[in-house]
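This report concerns only the one structure given below.
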Amino acid sequence: MNILLLGGGGREHALAWKLAQSPRCDSLYAAPGNPGIAEHAEIVGLDATDHGAVARFCDAHLIGLVVIGPEAPLVDGLADSLRAAGISVFGPSKAAAQLEGSKAFTKALCDRAGIPTASYVHAHCKADALAALDRFATPVVIKADGLAAGKGVVIAQTADEARAAIDDMFDGAFGTAGAEVVIEEFLTGEEVSLFALTDSATIVPFGSAQDHKRVGHGDTGPNTGGMGAYSPAHVLTPALEAEAMTRIVAPTVKAMADAGTPYSGVLYAGLMLTPDGPKLIEYNARFGDPECQVLLMRYRGDLVELLSACADNRLASLPPPQFSAEVALTVVMAAKGYPGTPSKGGAIEGIALAEATGAKVFHAGTARSPEGALIANGGRVLNVTAKGDTVRAAQARAYAAVDALRFPDGFCRRDIGQKEVDREAGTA
Ligand code: AMP
Ligand code: GLY
């Protein structure tokens with residue numbers, strides 16, 4: 001089968017790496033891709049916002065499956081346009097991607113389906129938002145309704161901070177994403193990510209992970225897209241996972257089908273493990289980045305078969321996905337300045353040395369210089385990923401590989417997985 005993969009980050013490098021391993025994969029094409037993806041796929045110049053051009057490419061290259069990595073083309077309805085042209089797509093429709101694209105949409109669905117989540121108010125104007133603040137204790141969470149590249153969430157410690165965040169959002173700090181705001185009760189507990197694949201009729205769990213969203217050591221500094229992750233997340237015990245599947249994921253998939261907007265693809269549930277059980281923080285309509293990298297390091301099956309069965313409503317015909325019992329851990333190397341303005345063009349050397357340790361280095365924001373050298377070209381640049389029998393072993397291997405790299409313009413957190421390492425050691 002010929003496959004087209006859309007996206008160009010570390011998540012898509014991991015997808016390309018795994019798709020290319022399948023005996024079912026004939027030609028793999030990617031757009032925009034990156035130098036890591038180029039090792040597995042032919043990079044093509046396609047603009048994902050030009051749905052007609054993508055459909056024509058699929059026709060011309062006999063594409064049997066399109067895999068859409070990032071959220072923007074999903075929320076933009078690319079999957080709908082391709083399906084309308086008779087092309088198989090892994091990824092939800094525009095209406096179903098509202099689970100990620102609008103926080104208020106998801107909160108309303110949780111209300112209808114009785115899904116455990118933080119209590120909230122959906123405000124359409126600044127005056128309503130400010131008036132609603134009285135109903136919440138501090139800290140209180142202020143969220144821009146729409147997509148804001150992971151940056152539209154403020155955890156306000158005081159009412160003044162909350163008012164300032166509301167002012168910012170309605171004054172356009174996040175563009176149209178902040179035209180409506182959701183104010184939420186602050187949940188306490190540990191965060192964990194649960195992944196499920198669904199074709200709407202069948203739902204299968206696809207592993208768990210813990211991300212590290214803050215830029216600095218010990219979860220300090222501003223939020224990022226994720227500075228590292230490991231899988232599986234043992235805090236999500238089998239019992240808690242089953243509870244989250246039954247009380248959160250399954251009712252969501254049913255509510256989407258009942259609304260006439262069936263969900264198909266991967267559903268990424270960001271959960272808070274509260275004293276009252278798992279509660280939904282947010283949904284994403286795609287794989288996490290860098291969570292996908294650790295999930296796919298552990299996934300034992302044929303990814304083409306799995307994603308294509310999901311796209312074609314055949315998930316029920318496959319055995320449940322199997323994962324290695326090993327832990328996978330990934331460390332994000334970012335360019336200095338991230339999550340602000342990252343420095344571009346920094347030289348990267350030593351990937352072969354890093355991989356000689358047994359690790360896998362996924363490319364995120366990399367590019368080739370005119371001379372062909374590998375350089376940094378984005379905020380998150382590399383995902384250094386390793387496996388081990390324990391989080392401690394995977395962590396040690398990943399950092400050994402990090403230390404083999406030469407990327408003077410880069411930095412990483414040195415404590416990815418540390419909370420779990422301490423738990424393993426019985427010191428947490
Ligand atoms: P989101 O973009 O909705 O995932 O929010 C980004 C981060 O903000 C989450 O990963 C949580 O760490 C935090 N967060 C969001 N909503 C809440 C909440 N209701 N209570 C506590 N923390 C939250
Ligand atoms: N790593 C967080 C995300 O992909 O949303």
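Checking each residue in the stretch 217-242 for being buried (at least 17 other Cβ atoms within 10 Å of the Cβ) and either in a helix (DSSP H, G or I) or of a type in the set (D, E, K, R) (or both) picks out 240, 241.
Just wondering, is there one or more residues in the stretch 275-295 that are open to solvent by less than 40 Å² (accessible area, probe 1.4 Å), farther than 30 Å from residue 142 by Cβ and either modelled with pLDDT under 95 or away from ligand 2 (no atom under 16 Å from the Cβ) (or both)? No, there is no match, as no residue in the stretch 275-295 is open to solvent by less than 40 Å² (accessible area, probe 1.4 Å), farther than 30 Å from residue 142 by Cβ and either modelled with pLDDT under 95 or away from ligand 2 (no atom under 16 Å from the Cβ) (or both). Within the stretch 176-183, does at least one residue satisfy the condition of being within 8 Å of ligand 1 (Cβ to nearest atom) and at pLDDT 90 or above? No, the conditions are met nowhere in the stretch 176-183. Open to solvent by less than 40 Å² (accessible area, probe 1.4 Å), at pLDDT 95 or above, hydroxyl-bearing (Ser, Thr, Tyr) and farther than 19 Å from residue 280 by Cα: does that describe residue 252? In short, no. Against the conditions (1) within 23 Å of residue 379 (Cβ to Cβ); (2) within 16 Å of ligand 2 (Cβ to nearest atom), residue 218 satisfies every one except (2).
The numbered conditions (1) surrounded by fewer than 17 Cβ atoms within 10 Å (Cβ to Cβ); (2) outside any loop (DSSP other than H, G, I, E, B); (3) small (Gly, Ala, Ser) are all true for residue 104 except (1).
Which residues, taken from the stretch 83-97, are more than 16 Å from ligand 2 (Cβ to nearest atom) and either outside any helix (DSSP H, G or I) or touching a helix residue (DSSP H, G or I) at 6+ places or on another chain (Cβ under 6 Å) (or both)? Once the filter is applied, which keeps residues that are more than 16 Å from ligand 2 (Cβ to nearest atom) and either outside any helix (DSSP H, G or I) or touching a helix residue (DSSP H, G or I) at 6+ places or on another chain (Cβ under 6 Å) (or both), the stretch 83-97 yields 85, 86, 87, 88, 89, 90, 93, 94, 95, 96.
Taking the criterion of being aromatic (Phe, Trp, Tyr), more than 16 Å from ligand 2 (Cβ to nearest atom) and within 26 Å of residue 310 (Cβ to Cβ), would at least one residue in the stretch 134-142 satisfy it? No, the stretch 134-142 has no match at all.
Restricting to the stretch 270-299, and then to whatever is assigned to a loop (DSSP other than H, G, I, E, B) and in contact with a Lys or Arg (Cβ under 6 Å, 6 or more places away or on another chain), can you tell me which residue is farthest from ligand 1 (Cβ to nearest atom)? The residue in question is 287. In a residue-by-residue description of the stretch 127-135, the property of being part of a loop (DSSP other than H, G, I, E, B) and either farther than 17 Å from residue 171 by Cα or open to solvent by less than 70 Å² (accessible area, probe 1.4 Å) (or both) applies to no position. Residue 56 passes every criterion in (1) on the phi < 0 side of the Ramachandran plot; (2) assigned to a loop (DSSP other than H, G, I, E, B) apart from (2). Selection over the stretch 257-269 of residues that are open to solvent by less than 10 Å² (accessible area, probe 1.4 Å) and outside any strand (DSSP E or B) gives a count of 1. When you check residue 182 against the structure, is it within 18 Å of the chain's Cα centre (by Cα), closer than 26 Å to residue 226 by Cα and touching a residue at least 60 places away in the same chain (Cβ under 8 Å), yes or no? Taking the combined requirement at face value, the residue does not satisfy it. Every condition in (1) within 15 Å of ligand 1 (Cβ to nearest atom); (2) under 20 Å from the mean Cα position of the chain (by Cα) is met by residue 73 except one, and the failing one is (1). Where strands (runs of 3 or more DSSP E) fall wholly inside the stretch 315-428, the ranges with 3 or more residues that are open to solvent by less than 60 Å² (accessible area, probe 1.4 Å) and farther than 30 Å from residue 201 by Cα are 327-335, 360-363, 374-376, 380-388. Candidates are the residues of the stretch 185-210 that are buried (at least 23 other Cβ atoms within 10 Å of the Cβ) and within 16 Å of ligand 1 (Cβ to nearest atom); the one that is nearest to residue 158 (Cα to Cα) is 192.
The values are calculated or read from the model by the stated rules, or taken from the named source; none is laboratory data. None of the values given here were measured: they were computed from a predicted structure. Positions of Cβ are generated from backbone atoms using ideal geometry, with glycine treated the same way; all protein chains shown enter the neighbour counts. When the accessible area is computed, the model is the full protein with side chains, heavy atoms only, and any ligands, DNA or RNA have been set aside. Shrake-Rupley method; radii C 1.70, N 1.55, O 1.52, S 1.80 Å.
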